[in-house]
Structures are given as structure tokens and as C-alpha cells.
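The values are calculated or read from the model by the stated rules, or taken from the named source; none is laboratory data. On a predicted model such as this, the values are computed, not experimentally measured, just so you know. Here the Cβ is made from the backbone with ideal geometry for all residues, glycine too, and neighbour counts use every protein chain on show.
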Amino acid sequence: MNPAVLIASVYVFALAAFLGYQVISRVPPLLHTPLMSATNAISGISLIGSLVLAGAKGYPQSAHILGFIAVTTATVNVVGGFGITDRMLKMFGKRKTESKEAAK
Amino acid sequence: MRMTSYFMEATYLVASILFILSLKKMSHPETARRGMFLAEAGMFAAIVGTLVGTQIVTWTWIIAGLAVGSIIGGWMAVSVPMTAMPQRTALSHAFGALAAALVGIGEFVVKGAEMGAVTRSALGFEVMLGALTTTGSLIAAGKLQGIIGGKPIQFRGQNAVNMIIAVSMVSSFIIFCIHPQFIAAFYSMLGIAFVFGVMLVIPIGSADMPVVMSLLNSYAGLAAAATGFVLSNNVLIIAGTLDGFSGFILSVLMCKAMNRSITNVLFGGFGAVIAEASSNVGGVMREISLDDAAMQLAFANRVVFVPGYGLATAQAQHAVRELAELLEARGVSVKYAIHPVAGRMPGHMNVLLAEANVPYSMLYEMEQINPEFSSTDVAVVIGANDVVNPDARDNPKSLIAGMPILEVDRAKSVIVLKRGQGRGFSGLENPLFFKSCTSMLYGDAKSSLSHLAQAVQHV
């Protein structure tokens, strides 16, 4: 790896870690389960690495097959993760209107 | 650089920003859902960018993978019940980690020979973490689902065996980094990492799962970040790091909530040393009839419900909400006290109650609710045990000494809903049950609660 690229990557890592700490420590315990499932879905971004492996130029058939499995599992995470997070957050959001109705 | 590559990099930058914004919006339940749409848009942009920006030669595997993955993921998203959320999350940690490991293996197969030492160590890190998280998460999911017994699996010399496995895994990793010609070192590292993941999780009991879940979450994220280093891909580094750190923060919070260190959870084998643990509290447990309990609740000013995992296993979330609504209609102030480790993953109990339409404004965290117990008339403990055990506060010899608890024993009276007289999950005796202010209501939580609701209506 080119040293300049490595240094840039380390910078990105360190800044992301710092930012992640700041942002995530503000998430209330109420939402910790959706948080975990959301960050999980987001880290399904390894899908983009898998896509390259599964179909890009310069990779042999064996890599394509490994890539296929990786694309599948990463997609399960992305689709399933976002879907379920949304289902949970919907439950936390709908309440205001409903309890108002109940109050009437 | 080709035009399409610039486009791809631009989508990655957009995706990174959207991911961070979406997590920022997670700080409030009202904005969280909109935040997730941003993350979804970011993900979509990154996928399109990748497909446009890389020279794709075969679409078969890509389309097949996306289709199969979407079907399984979509099915999971609509069908998994909220009680099974911990298993689902563990399973997706396994999937994410497996994807990272496979990308690493693929990169090694294709470009292993020309990699420098730095890339190789990032690759080794990625594959090692990916592999051990995959099997570890599968075991955790199995335990949570009940396929594998929830009790810790332990044997003599376990820590020594684990140590040997860990050392041989790390030495394979080091050999792989220094001597690229030893291809066997890479595969032995991979194999040992799979085994190590299993060994890491089998000695841990179900009650400690919130910590394990968070740790595995962290590992899965770091594996993705390492993938970013291997591919020199910034959006992977950013997303992976966010995931890794969120898991890390949650592990620390969960450990604090149990007053235990991470090493203690991983190697302590909780539950193995119960023998001399409990202070032998004598006395009798006082049983209360349904009608008396209903009477107490109906004429109280302030009631606090303390749900534990027992509530979820009894599927009593809706029953407790109905009872709470009846009490509120009578003018009783009702709150729910949520211990950080109530449930099998961080925040699990909140989700279970939200599903049963309990407004989140009624859910109180431990620090908020503890000062209020002294002015509470009735605290109703439903299927919780260790998190309300006053021994944690009063008895320095107790196994759970120092663990922060919900101080229900400060309430004027306590009603404990419990299946039977047996000890709880950890096997510890709970002095709360013998206090004069405490009365026990035995039976299945769900039917007890709905009977209570009926009785309250007739008061």
C-alpha cells in the first residue's frame, strides 16, 4: 500500500471513530436496539466490496462465487436490517397520535 | 481516472455523509425514522455508484446475490417477531462478518502475491475478525433461539485451551504478515478463527448476552472497516468504524449496568461459583391474592411497573399495557422502570413495550426512576429478579455486589409477579422477596396481569 494512502486511511478511521463516539453517545437507551440494527445495516456497506468480487474484471470464477455468497449475506443485512429498523422506529413514532386519540 | 470512477467516489462521499446524519437523527425517537431514510438513500447511492464505476464483466452472480439476499432479508424484515430481535441481530452480525471475511479471502486469492505488508496485515485482521465473529454470532443466535442450551458450557482447563487457540491464531496471523510465501499460515489463521469464535461464546450464559451482542456488533463493524483498509475504500472505513464504535460504546454501557468488566464476562463463567454466594436470608415470602393486589393498585396514587425478561417470555407486554391503561383511567400515575440489561440485547425491553403500544414517554431509565421509588405506592415487578436484588447494593459479599439496581425496595409496597418460588436466572437468593413490604403473586405473568385487570375493573 502506498504510504500516502495508508496515512489518509488512518486519518479517515480516526476521524470516523471520534465522530462516531460523539454521535452515538447521544442516542438514548430507549433506541439502543434500533441503533444496533441500524449500524448493522449500514455496515452492510461491505456489499460494495462484495459486488466487485462477484463481477468485476480481473477476478477468476472462484472469486465470483465467493463474491456471490458475500453479496447475498451483505444484501440480507442491508435489506433485512433497514426493514426491521424501520419497523421498530415506526412503533416508537406512531404513539403520539394514538395516545391523543385515546385521550379523547 | 475515468469519469465513472469520479462518479463512484462522489456517491461514496454522499453515502458517508448520509450515514453520519442518519445516526445523528437517532438521538430522538421522533426524528429517527426519517434518519433511516437518509441511510437507505446513501446505501442505494453507493451501490449504484459501485456498479457504474467498476468494470463489471459478469452480472449473473451479482444479480443472483442481490435477488436472493433481498428475498431473505425482506422476509426477515416482515416476519421476525420483536421477541426474536436479539437472535435476528446476532444472525445479521454473522452475515455481515461473513461477507467481510469472504471479501478478504477473495482478495487474498486474487491479489495475495502482490500485497505489501501493511495491506496483508489489514487483510489478516479483516479475515480473522470476520471469521471469529461469524461463528461466535451463530452460537449466540443459537443460544438466544434456544437451539443450544442457554447455560454456560464449561469444562476444566477451558481458559488454558482458549489461550492456546488464541495464541496459535495470532501467531498464524503474524507469520502471514511477515512471510507471504507461507500460504498455509493464512488458511490456518482462518480455520482457527472459526473455532475460536465458537470457543469464545459457548462459556457465556444467556443473561450476559447483551454484552456479547454488543461486542460481536463491534467486531463485525471493525471487520468491515478493515475491509476498507484492504480496498482503500473510505466509505467502508467510515461505515465500519461507526458500527464498530457503536458496538463498543454499547458493550461498555452494558458492562457498567452489570458492574462487570468485559474480561469478566468473557472468561468469568458467571453462574459457576454460586455455592457460597447468597447471604442466607431467612424469613417467609408473603403471598397475596389477586383481589388484594388489584385493590392495592386501584387505590394507589403512583404505580411503577418493573418489567424483566420474564415478561417477554410470558408474552405479557399487551396484558401489562391494558392493566396500566385501566389504572390511568382511574387517575393513577403509571410509569415503567427499564433496567439497561432488561432483555437480551441493549434496549430490547423498550422495543417490546413499544410494540405493545406503550408510549415511550412512560418508559423511564434507571437513573431517572430510582429517586422516585420512595414516593411510589406500589412497585410491580414482573419477571425481573437480579435487577431488583437489594443485595447488589447492601451486601458487599454478593456475587452481583455493586451492580446498579432498580431500588424498588424503597417503594411503600412491592408486588412481585413470579412463576414460582424458585430462584431466578442467576440462581441468587433475592432478599427483596422476604421484605415486609413485599408480597408475591405466583403464576404465569400474562394470566396474572389480565386477571388483575379484570379485578381492577370490578373494584
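Residues of segment B:61-88 being facing chain A (nearest Cβ under 8 Å) and in contact (Cβ under 8 Å) with a residue 12 or more places away in the chain, which ones? Matches in segment B:61-88: B:Met76, B:Met82, B:Met85, B:Arg88. Total residues in segment B:344-375 satisfying the condition of being among the polar types (S, T, N, Q) and crowded, with 24+ Cβ neighbours inside 10 Å: the figure is 1. Listed by position, the strands (runs of 3 or more DSSP E) inside segment B:283-373 whose residues that are of a type in the set (Val, Ile, Thr) number at least 1 are B:302-307, B:333-338.
Within segment B:89-116, the residues that satisfy the criterion of being among the β-branched types (Val, Ile, Thr) and under 20 Å from A:Gln61 (Cα atoms) are B:Val103, B:Ile105, B:Val109, B:Val110. Tell me which residues, restricted to segment B:391-414, are at pLDDT 90 or above, part of a loop (DSSP other than H, G, I, E, B) and among the charged types (D, E, K, R). Residues satisfying the conditions are B:Glu407, B:Lys412. Just the residues that are among the basic types (Lys, Arg) and without any contact (Cβ under 8 Å) to a residue 40 or more places away in the chain, please, taken from segment B:103-130. Within segment B:103-130, just B:Lys111 meets the criteria. Kindly evaluate A:Ala38 against the criterion of being surrounded by 13 or more Cβ atoms within 10 Å (Cβ to Cβ) and in contact with a helix residue (DSSP H, G or I) (Cβ under 8 Å, 6 or more places away or on another chain). So A:Ala38 fits the description; yes. Sort out which residues of segment B:212-252 are aromatic (Phe, Trp, Tyr), facing chain A (nearest Cβ under 7 Å) and surrounded by fewer than 24 Cβ atoms within 10 Å (Cβ to Cβ), and write them in order of number. Within segment B:212-252, none qualify. Is it the case, given these coordinates, that B:Lys418 is within 26 Å of B:Gly205 (Cβ to Cβ), surrounded by 19 or more Cβ atoms within 10 Å (Cβ to Cβ) and touching a strand residue (DSSP E or B) at 6+ places or on another chain (Cβ under 7 Å)? It is true that B:Lys418 is within 26 Å of B:Gly205 (Cβ to Cβ), surrounded by 19 or more Cβ atoms within 10 Å (Cβ to Cβ) and touching a strand residue (DSSP E or B) at 6+ places or on another chain (Cβ under 7 Å).
Answer with yes or no whether B:Ala314 is closer than 28 Å to B:Gly347 by Cα and surrounded by 16 or more Cβ atoms within 10 Å (Cβ to Cβ). Yes; evaluated as a whole, the condition is true for this residue. When segment B:233-279 is filtered for residues that are among the small types (Gly, Ala, Ser), more than 18 Å from the chain's Cα centre (by Cα) and at pLDDT below 90, the ones remaining, listed by number, are B:Gly268, B:Gly269, B:Gly271, B:Ala272, B:Ala275, B:Ala277, B:Ser278, B:Ser279. The number of residues in segment B:326-343 that are among the hydrophobic types (A, V, I, L, M, F, W, C), surrounded by fewer than 21 Cβ atoms within 10 Å (Cβ to Cβ) and either under 20 Å from the mean Cα position of the chain (by Cα) or facing another protein chain (nearest Cβ under 10 Å) (or both) comes to 1.
On the basis of being in a strand (DSSP E or B) and not β-branched (Val, Ile, Thr), does B:Leu417 make the cut? Answer is yes for this residue. Might you check whether a residue that is within 7 Å of chain B (Cβ to nearest Cβ) and either over 25 Å from B:Thr54 (Cα atoms) or touching a His at 6+ places or on another chain (Cβ under 7 Å) (or both) occurs anywhere in segment A:55-69? Yes - at least one qualifying residue is present in segment A:55-69.
Screening B:Ala294 with (1) touching a helix residue (DSSP H, G or I) at 6+ places or on another chain (Cβ under 6 Å); (2) within 12 Å of chain A (Cβ to nearest Cβ); (3) more than 22 Å from B:Leu406 (Cα to Cα); (4) among the hydrophobic types (A, V, I, L, M, F, W, C) gives one miss only, at (2). Among the numbered conditions (1) within 19 Å of B:Ser218 (Cα to Cα); (2) out of contact with any Pro (no Cβ under 7 Å at 6 or more places or on another chain), the only one that B:Gly106 does not meet is (1). Being touching a residue at least 40 places away in the same chain (Cβ under 8 Å) and of a type in the set (A, V, I, L, M) is true of B:Leu91.
Here B:Gln55 fulfils each of the conditions (1) within 7 Å of chain A (Cβ to nearest Cβ); (2) buried (at least 24 other Cβ atoms within 10 Å of the Cβ) apart from (2).
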